[in-house]
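J.: Take a look at the following structure, please.
Computed from the coordinates by the stated procedures, all read-outs in this text should not be read as laboratory data. Everything numeric in this text was worked out from a predicted model, so none of it was measured. Quick reminder, even Gly has a Cβ in these numbers, built from the backbone with ideal geometry, and neighbours come from all protein chains shown.
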Amino acid sequence: MSEPRERLTAWVHGHVQGVGFRWWTRARALELGLVGYASNQRDRRVLVVAEGPPTALDALLAHLRSGETPGRVELVVDSRDAPRGDLSGFVER
């Protein structure tokens, strides 16, 4: 039986646009076997949406909060939901 899946929505606040943050997030997500996207928002936040096993989502959140990201993350506000299954690959938007 496969591990359950969840959907993570994370709003990343700080200096995270124009610094390679979406590319870095994509690389971490792909290493973890997640699908989803990282998207710049008009208010200068980055929206990260990912689906996969809860343990992999926990690891992605730990990366986002690690202090080792490009730019400067000040706050990550996250929530979990049931997966929608509408994502494939991990892309920068």
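J.: Mind checking which residues of region 51-75 are acidic (Asp, Glu) and within 13 Å of the chain's Cα centre (by Cα)?
T.: Glu51, Asp58, listed by residue number.
J.: Right, something else. Only residues in region 7-25 that are over 13 Å from Gly36 (Cβ atoms) and without any contact (Cβ under 8 Å) to a residue 60 or more places away in the chain count as the first member; pair them with residues that are among the β-branched types (Val, Ile, Thr) and in a strand (DSSP E or B), Cβ under 9 angstrom, at least 6 apart or cross-chain, and list the lot.
T.: As it stands, the answer is His15/Val73; Val16/Val46; Val16/Val73; Gln17/Val46; Phe21/Val12; Phe21/Val46; Phe21/Val73, since those pairs meet every condition given.
J.: While we're looking at this one, here's another question. For residues that are part of a loop (DSSP other than H, G, I, E, B) and surrounded by 15 or more Cβ atoms within 10 Å (Cβ to Cβ), tally how many sit in region 73-93.
T.: Residues meeting the conditions: 2.
J.: Turning to a different aspect of this structure: Would you pick out the residues in region 1-31 that are over 11 Å from the mean Cα position of the chain (by Cα) and of a type in the set (A, V, I, L, M, F, W, C)?
T.: The answer is Met1, Val16, Val19.
J.: Determine whether region 29-40 contains at least one residue that is farther than 21 Å from Arg5 by Cβ, free of Cβ contacts under 8 Å to residues at least 60 places away in the same chain and either of a type in the set (D, E, K, R) or in contact with a strand residue (DSSP E or B) (Cβ under 9 Å, 6 or more places away or on another chain) (or both).
T.: yes
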